[in-house]
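The values are calculated or read from the model by the stated rules, or taken from the named source; none is laboratory data. Because the structure is a prediction, the values reported are computed rather than measured. Glycine gets a Cβ as well: all are built from the backbone with ideal geometry, and neighbour counts include every protein chain shown. Just the protein is used for accessible areas: all its heavy atoms, side chains included, with ligands, DNA and RNA removed. Shrake-Rupley method; radii C 1.70, N 1.55, O 1.52, S 1.80 Å.
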Amino acid sequence: MGAVTGTARPEPAGPVRAAGCVLWRRADGAAREFCLVHRPKYDDWSHPKGKLKPGEDYLGAALREVAEETGRACRPDRPLPTVRYLARGRPKVVAYWVAEALSGTFESGDEVDEIRWLPAARAGELLTEYRDRMLLEAAVRELSALERGGFLA
């Protein structure tokens with residue numbers, strides 16, 4: 001038999017590496033809102049995240065994914081717990097940061113067709129996965145700690 005040709009590359013060994021942010025902004029007054037993204041491919045609500053590109057570090061990927069999925073630039077505050085789970089039978093490792101949304105405008109696309117800015121309690125109700133609700137809770141704790149320490153305006 002001849003050699004097999006094609007453009008598909010074999011999957012690299014090891015876990016899928018991804019990164020994202022629990023993105024927040026100040027609403028009217030002092031209330032915080034959190035950004036959730038709807039992914040039509042999975043019909044779920046989650047935090048903006050995605051796979052690392054070759055040579056990319058976790059934080060760079062998190063910032064890029066936020067920009068691609070929400071249209072927003074952001075300022076990362078603190079790392080959040082790393083999440084590990086199986087995705088289609090393969091281990092996945094996702095590093096997260098809590099990050100403040102800066103400038104930008106959302107445009108609907110194939111990967112993300114809608115975003116919603118919600119208070120923490122309502123965001124927690126909408127998130128599809130339990131692990132994303134736990135990340136939201138961790139982000140709220142981190143932001144509260146930063147405010148008590150006087151680090152957030």
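Looking at the range 38-56, I want the residues that are on the phi > 0 side of the Ramachandran plot and have a partner that is among the polar types (S, T, N, Q) with Cβ atoms under 9 Å, at least 6 apart or on another chain. Which pairs are those?
Partner pairs satisfying both residue conditions: Asp43/Thr128.
Please go through the range 8-67 and give me each residue that is under 17 Å from Asp132 (Cα atoms), open to solvent by less than 50 Å² (accessible area, probe 1.4 Å) and of a type in the set (Asp, Glu), ordered by number.
Glu33, Asp44, Glu65
For the range 122-149, what are the residues that are touching a strand residue (DSSP E or B) at 6+ places or on another chain (Cβ under 9 Å), of a type in the set (Lys, Arg) and without any contact (Cβ under 8 Å) to a residue 12 or more places away in the chain?
Arg122
Residues in the range 90-97: is at least one surrounded by 15 or more Cβ atoms within 10 Å (Cβ to Cβ) and either among the hydroxyl-bearing types (Ser, Thr, Tyr) or more than 15 Å from the chain's Cα centre (by Cα) (or both)?
Kept after step one, since they are surrounded by 15 or more Cβ atoms within 10 Å (Cβ to Cβ), are these residues of the range 90-97: 92-97.
Among the residues that remain, those that are also either among the hydroxyl-bearing types (Ser, Thr, Tyr) or more than 15 Å from the chain's Cα centre (by Cα) (or both) are: 96.
Yes: the range 90-97 contains one or more residues that are surrounded by 15 or more Cβ atoms within 10 Å (Cβ to Cβ) and either among the hydroxyl-bearing types (Ser, Thr, Tyr) or more than 15 Å from the chain's Cα centre (by Cα) (or both).
What are the residues in the range 108-137 that are farther than 24 Å from Lys51 by Cβ and touching a helix residue (DSSP H, G or I) at 6+ places or on another chain (Cβ under 6 Å), if any? If you could, list the steps in order and put the result at the bottom.
Just the residues of the range 108-137 that are farther than 24 Å from Lys51 by Cβ, to begin with: 117-122, 124-125, 137.
Across the range 108-137, the qualifying residues are Ala120, Gly124.
Does Ala87 fit the bill of being more than 11 Å from the chain's Cα centre (by Cα), among the hydrophobic types (A, V, I, L, M, F, W, C) and surrounded by fewer than 18 Cβ atoms within 10 Å (Cβ to Cβ)? Write out each step before concluding.
Numbers: more than 11 Å from the chain's Cα centre (by Cα): yes; among the hydrophobic types (A, V, I, L, M, F, W, C): yes; surrounded by fewer than 18 Cβ atoms within 10 Å (Cβ to Cβ): yes.
For Ala87, the condition - more than 11 Å from the chain's Cα centre (by Cα), among the hydrophobic types (A, V, I, L, M, F, W, C) and surrounded by fewer than 18 Cβ atoms within 10 Å (Cβ to Cβ) - is met.
Run Val140 past the list (1) out of contact with any Leu (no Cβ under 7 Å at 6 or more places or on another chain); (2) open to solvent by less than 70 Å² (accessible area, probe 1.4 Å); (3) farther than 15 Å from Arg25 by Cα and report the number of the one that doesn't hold.
(3)
Answer yes if at least one residue in the range 107-120 is open to solvent by less than 70 Å² (accessible area, probe 1.4 Å) and of a type in the set (S, T, N, Q), and no otherwise.
The first filter runs over the range 107-120 and keeps only residues open to solvent by less than 70 Å² (accessible area, probe 1.4 Å), leaving 109, 112-115, 117-120.
Applying the additional criterion that residues be of a type in the set (S, T, N, Q) yields none.
Scanning the range 107-120, I find no residue that is open to solvent by less than 70 Å² (accessible area, probe 1.4 Å) and of a type in the set (S, T, N, Q), so the answer is no.
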